[in-house]
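Asks: Let me give you the structure first, and then I'll get to my questions.
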Amino acid sequence: MKLATLKDSTRDGRLVVVTRDLTRCSEVGHIARTLQAALDDWEHVAPRLAAVAEGLETGAQPSLRFHEHEAASPLPRAYQWADGSAYVNHVELVRKARNAEMPATFWTEPLMYQGGSDSFLSPRDPIVMADETYGIDMEAEIAVIVDDVPMAATIQQARAAIRLIMLVNDVSLRGLIPAELAKGFGFFQSKPSSAFSPIAVTPNELGEAWDGGKLHLPLCVDLNGNPFGRANAGIDMTFDFGELVAHAAKTRPLSAGTIIGSGTVSNKLHGGPGKPVSQGGVGYSCIAEIRTIETIEKGAPTTPFMQFGDTVRIEMKNKAGHSIFGAIEQTITKYEPC
């Protein structure tokens, strides 16, 4: 089934079940008013939501027109948002851009940071920034929402706890990252609010594209209307979501509603960095990667980070060409103090 959260006067919005073609929805406040409430009692709530989903598809369930612009991120705020870096090719490239060495352990143990989860952007909200010199970049990723996960969970337990899958734009401010990491205490200012896709889907909705830990479909990233990235999320993923969730739960339990991200989706080409879409490659899921490749090949980057007025669109389609999660579409906007 497909779930979304419609904006209303509350912080957490109201939960709806959405048709597979993303055209209609049904409010389910009598079952669970919010997605977090549904996740808190998933064993009992999920079958009732699935019945609504089935009724929507057959026409037996009352429905409303669904508009992606009216949707918040599925969880407008969450108890926890932890982002991994499962595509080690991406890590290697962006570290090269900072002249940072690549520790060998990055290939054997996931890298992960804890992001801010108190105020996610809606999928069509602008990315508001005070200064273009921050180095504004998109990071197109896959994310999962889990049920309760016990501390020291096995990879198998972690995979079994995955309840929903969605897309994410993990906004990064590349100009702030080096100085912040040099302090030795991790990201904070360089990682502003992220945005998630309008729709979160259950694993069974993805069919053979979901193998229990990876999503085997291209992630479409467009910059100002032009194809920028088409990397396949199931390729070159060093750590699957079971491994990422288990890593997050190594020393603590995870509460229902915890979001775990994959990190920027990134594909290699014959052992080396990929090519731009315009050159027949699968492109990139962030600007930092192409800038690193330009530096390697030309001695300096030529692609600028995002500027005011630029728009990024992130979407994933099934084999029939239909949108699965709806689209994240955001324009960079200058912050104006009240």
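Asks: Given labels modelled 7 Å from the Cα in the Cβ direction, how far is it in nm from GLU336 to THR58?
Replies: 5.2
Asks: Here is a further query. Take the solvent-accessible surface of the protein heavy atoms, probe 1.4 Å, and return the percent of it on the chain that carbon and sulfur atoms account for. Intermediate results must be reported in sequence, preceding the final value.
Replies: On the way: 7630 of 14840 Å².
Of all accessible area on the chain, carbon and sulfur atoms account for 51 percent.
Asks: Under 25 Å Cα to Cα from LYS275, which lysines show up? Leave out anything in the same chain fewer than 8 places away.
Replies: Counting by Cα, and skipping residues close in sequence, LYS275 has these lysines nearby: LYS96, LYS214, LYS298, LYS317, LYS319.
Asks: Follow-up. Filter the GluC sites (Glu not before Pro) in segment 44-151 to those in DSSP coil with at most 11 other Cβ atoms within 10 Å of their Cβ, and list the result. Mind showing how you got there, number by number?
Replies: Values: sites: GLU54, GLU57, GLU68, GLU70, GLU92, GLU101, GLU132, GLU139, GLU141; in loops: GLU101, GLU139.
Answer in residue order: GLU101.
Asks: Measuring from label point to label point, each 7 Å out along Cα→Cβ, what is the GLU101 to TYR79 span in nm?
Replies: Those two pseudo-labels are separated by 4.0 nm.
Asks: Which far-off residues, 5 or more places away or on another chain, put their amide H under 5 Å from the one on VAL128, with H placed in the peptide plane?
Replies: Correct list: THR333.
Asks: Relative to the longest principal Cα axis of the chain, at what angle does helix 287-298 sit, 0 to 90 degrees, rounded to 10?
Replies: Helix 287-298 sits at roughly 20 degrees to that axis.
Asks: What are the ³J(HN,Hα) values, in whole Hz, obtained from phi via the Karplus relation 6.51 cos²θ - 1.76 cosθ + 1.60 with θ = phi - 60°, for each residue of segment 37-45 in sequence order, with x given for Gly and Pro?
Replies: With coefficients 6.51, -1.76 and 1.60, one gets 4, 5, 5, 5, 9, 4, 4, 8, 7 Hz.
Asks: Treating only the Cβ atoms of Lys and Arg (+1) and Asp and Glu (-1) as charged, compute the dipole magnitude of the chain about its Cα centre; round to the nearest 20 debye.
Replies: On the way: 31 positive and 40 negative charges, 39 e Å.
Dipole size: approximately 180 debye.
Asks: Can you tell me the orientation of helix 88-97 relative to the chain, as the angle in degrees between its alpha-carbon axis and the longest Cα principal axis, to the nearest 10?
Replies: It works out to around 40 degrees.
Asks: If you take the beta carbon distance between THR10 and HIS30 as r and set R0 to 22 Å, what does 1/(1 + (r/R0)^6) give as a FRET efficiency, to the nearest 0.05? Please list the in-between numbers first.
Replies: Details: r = 17 Å, r/R0 = 0.76.
That gives a FRET efficiency of 0.85.
Asks: Could I have the simple spin-label model distance between LYS298 and ILE235, label points 7 Å from Cα toward Cβ, reported in nm to one decimal?
Replies: Output for this residue pair reads 2.4 nm.
Asks: Can you give me the long-range amide H partners of TYR284? Hydrogens built in the peptide plane at 1.01 Å from N, cutoff under 5 Å, separation of 5 or more residues or another chain.
Replies: For TYR284, whose amide H was placed from the backbone, the distant partners under 5 Å are GLY229, ARG230, VAL277.
The values are calculated or read from the model by the stated rules, or taken from the named source; none is laboratory data. Predicted model only: the values in this text are computed from it and were never measured. Neighbour counts are summed over all protein chains in view; Cβ atoms, including those assigned to glycine, are modelled from backbone coordinates with ideal geometry. We work out accessible area using only protein heavy atoms, side chains counted, and drop any ligands, DNA or RNA first. Shrake-Rupley method; radii C 1.70, N 1.55, O 1.52, S 1.80 Å.
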